[in-house]
Each structure stands twice: as structure tokens, then as C-alpha cells.
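The values are calculated or read from the model by the stated rules, or taken from the named source; none is laboratory data. Predicted model, so just to flag it, every value in this text is computed and none were measured. Here the Cβ is made from the backbone with ideal geometry for all residues, glycine too, and neighbour counts use every protein chain on show. For accessibility, only protein heavy atoms count, side chains too; no ligands or nucleic acids. Shrake-Rupley method; radii C 1.70, N 1.55, O 1.52, S 1.80 Å.
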Amino acid sequence: MAQRTLSIAAIPGDGTGPEVTAEALKVLAAVAASEGISYDVEMLDWGGDRYLRTGEIVPDGGLDLLRRKDAIFLGAIGHPGVAPGILEKGLLLELRFKLDQYINLRPVKLLPGVETPLAGRGPADIDFVVVRENTEDLYCGVGGYLKKGTADEVAMQQAVYTRKGCERCIRWAFDYTRKRNSPKKTLTLVAKTNVLTYGHDLWWRTFQEVAKDYPDVKTDYNHVDACCMWMVKNPDAYDVIVTTNMFGDIITDLGGIIQGGMGVAAGANLNPDKGGVSMFEPMGGSAPKYTGTNKINPIAAINAMAMLLEHTGHSKAAARIDAAVAHVTGTKMATQAAGRMGHGTREVGDLVVAAL
Ligand code: IPM
Ligand code: MN
């Protein structure tokens, strides 16, 4: 049967982004060849170097170029020569917002053989998913100064929540929990309703209303501070968490470390609507000081590639990568805690390809 070509834009980005992207693409090439998936990759040199050279972050026509793709793969952004915030806002947040990628899906899954800092915990205990709203909250950049630079300076940064924005995220999270169909089948709202009595009250009411459409899904609620405690104390209690953008940012770093660190944590920025384009990324940063050293763990990037395949309708290829990665972490890598993976970046990519 003739199959449509999977058209991918790859933005390797800064620092070690290109190295881990290369491994993810290597694994894609291998799985595509054996599964008969036809694909093309357009490499885009967006990031810190190009910005310093040309002053452009997303070049003219760049968003339209991405809109014509089936998916985007992003390596990492963050450049020591560029002030903090410029590339984050100009590239990562720009794409999330303009492409309306309103779901940030971040699995927290401890793979076999990977070391977690949580004493006495193994893969059976750490396997949940955070659904982070990805377009609103403090990230909107709404705010301003009064009397800037004076002793009377006032700075305001507003959290923006809309009914539409939280409802589409909550609804997606309920659907996802239903599909995931774990024995717990529980969606936990994480917020701070005791203090954020307007914005998170909107989330709370919306969550209660949407829950009525999902009688088969159990619901729970945690304040975000308590959630941080429970993620460490009882990670096995969670199935799916849905939360706001800012809290989701914070708790997914905690999630990343309990699953073994940023070298293994991947995420998807999804626009699940018809015609929407989604973006897949390892969660770690660009780690500039390791650039070109073959030291960064590419498992997160490879996992992100598996998520890309899963969300573009190639579930079998995605499952094969997941199985190969679990085989490699479980049997070939002594420990995957930062800097101790026992192999170089390229060698880990080769091991995953061999395990496919
Ligand atoms: C993340 C990152 C970004 C965020 C930064 C780089 C803007 O921390 O993807 O979690 O805050 O969302
Ligand atoms: Mn973050």
C-alpha cells in the first residue's frame, strides 16, 4: 500500500542539541528502513549561532514552513553568547504559542537499569505522565514595570488563564487517561486553589465539569507543593497529572530527575487539532560546556523521536524504539546518572540501533 511520506523539520539547535539530534535521526533511519516508513527531514539551522550571525531567530516564512510539516524535532536551545530569555522566548515559546501546541506531554518513566535518586524505587514504582498546559499562565509575557530603575519600582507579571485554554487541556488529559487505561485510571489535577483563588478556581471548576463526561476515570486533586512531596514519597500513586504551565514546568524537572535525569526525559508539545503540527524534544538543555565531547546521553532525544512516531501514526515503530531503549538501558548501560552512562553519545545511538 502506498504510504504518505512523513515530513519532519529538525532544529538541532545549540550546544549538544546537534549531537543528540544526530542519534535520534540515526535511530529513525534504522526503524524507518525496517518498517518501510518513508520520510524526509529538513534540517533547520535555527538557534544561537544563526541569531548571532544574522539577528534572526525564526526567519521570515519559518512558521509557514513548519506548518507544512508533519512534525518538528527540536534538539536543544540556549547559547552562552545570547542573553537568557531571547532564544527561549524567540524560538521555543514562539513555536509552542504560534503553532498552538497547547499540550506539553511529559512521561515520567523509570527505565530498567536507570538509577533513580529515590531510594528503594524501581521501574514498577515510577511510571506516570504529566500533561502540562503549554500556552497560558505566567508564560504569556503579560505585565510591565512602573518607575523602572527607581527605588519605587513596581514589576508585574500576570498569570493568564482562559476557560477555553484550561478546558481543552483538561479534556485532552481525561481522554489520554482513558486511553492509557492503567489499573489506576486516575487523573490528578495539580494546582494551588488555596491561594490562586481566581485562576486556579477556574481550573478547579472546569476540571469538575469536564470530569462528568468521564465517569470511568477517577479524579484526584493535589496542591502543587504537596505534589512535590508525593512525587518523591509515593511516585507509584500517580497515573496522569494535569496541571498549569508554570507548575508543570517545575514538577516536570522533579519528574525528570526521579526518572534518572535530563539525559532520559523527553517531552512532546502537541497541537492535537486537525492540521496541527507538534514538536518533540529531549527535556535537557543545550549543556554548552559538553558540546562536541560525545558525553551527553542521547536516550532522551531517542525517546522524543519515539514520541514523534507515536503521534504521527507510527505506533509500531515507536514501540520498537521503546523496547530497544529499554533493552539498552537494562542490559548495556551500567548506570545512566549524569556523566556515568558508560558509553559515548554515538555509541549509545549505535546500541539502540543494534537492539532494534
Ligand atoms: C522547558 C523549559 C522551558 C520552559 C524554558 C527553556 C523556556 O524549561 O521546556 O521546561 O520553561 O517551558
Ligand atoms: Mn522546564
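Laid out as a table, the results:
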{"item": "Matching residues, region 295-305, being open to solvent by 10 Å² or more (accessible area, probe 1.4 Å) and in contact with an Asp or Glu (Cβ under 7 Å, 6 or more places away or on another chain)", "result": "Ile296"}
{"item": "Spans of strands (runs of 3 or more DSSP E) in region 36-126 with at least 3 residues under 23 Å from Asp239 (Cβ atoms)", "result": "103-109"}
{"item": "Pair list, Cβ under 6 Å, 6 or more apart: region 126-147 residue under 16 Å from Asn271 (Cα atoms) and without any contact (Cβ under 8 Å) to a residue 12 or more places away in the chain, other residue assigned to a strand (DSSP E or B) and within 16 Å of ligand 2 (Cβ to nearest atom)", "result": "none"}
{"item": "Test: residue in region 117-125 that is open to solvent by less than 50 Å² (accessible area, probe 1.4 Å), outside the structural domain of Thr243 (by TED's automatic domain parsing) and within 20 Å of the chain's Cα centre (by Cα)", "result": "no"}
{"item": "Tally, over region 232-269, of residues that are within 16 Å of ligand 1 (Cβ to nearest atom) and over 15 Å from Phe174 (Cβ atoms)", "result": "25"}
{"item": "So Trp230, is it away from ligand 2 (no atom under 16 Å from the Cβ) and either within 18 Å of the chain's Cα centre (by Cα) or crowded, with 22+ Cβ neighbours inside 10 Å (or both)", "result": "no"}
{"item": "Some residue of region 6-19 being outside any helix (DSSP H, G or I), among the polar types (S, T, N, Q), open to solvent by 30 Å² or more (accessible area, probe 1.4 Å) and touching a strand residue (DSSP E or B) at 6+ places or on another chain (Cβ under 7 Å)", "result": "no"}
{"item": "Strands (runs of 3 or more DSSP E) lying entirely in region 129-223 (those with 1 or more residues that are surrounded by 15 or more Cβ atoms within 10 Å (Cβ to Cβ) and in contact with a Gly (Cβ under 9 Å, 6 or more places away or on another chain))", "result": "137-146, 154-160, 186-191"}
{"item": "Where Arg67 falls short, out of the listed (1) within 16 Å of ligand 2 (Cβ to nearest atom); (2) more than 29 Å from Tyr290 (Cβ to Cβ); (3) basic (Lys, Arg)", "result": "(1)"}
{"item": "Residues of region 234-282 classified as open to solvent by less than 20 Å² (accessible area, probe 1.4 Å), part of a helix (DSSP H, G or I) and under 22 Å from Glu167 (Cβ atoms), total", "result": "4"}
{"item": "Some residue of region 235-250 being over 26 Å from Leu92 (Cβ atoms) and of a type in the set (Val, Ile, Thr)", "result": "no"}
{"item": "Listing of helices (runs of 4 or more DSSP H) fully contained in region 283-356 that carry 2 or more residues being out of contact with any strand residue (DSSP E or B) (no Cβ under 9 Å at 6 or more places or on another chain)", "result": "315-331, 345-355"}
{"item": "Hits in region 77-93 - residues which are surrounded by fewer than 17 Cβ atoms within 10 Å (Cβ to Cβ) and more than 15 Å from ligand 2 (Cβ to nearest atom)", "result": "Pro80, Gly81, Ala83, Ile86"}
{"item": "Selection status of Leu196, touching a residue at least 40 places away in the same chain (Cβ under 8 Å) and on the phi < 0 side of the Ramachandran plot", "result": "no"}
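For every residue, the table says whether it meets (1) away from ligand 2 (no atom under 16 Å from the Cβ); (2) at pLDDT 95 or above; (3) of a type in the set (Ser, Thr, Tyr).
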residue	(1), (2), (3)
Ala300	no, yes, no
Met307	yes, yes, no
Ile321	yes, yes, no
His327	yes, yes, no
Gln336	yes, no, no
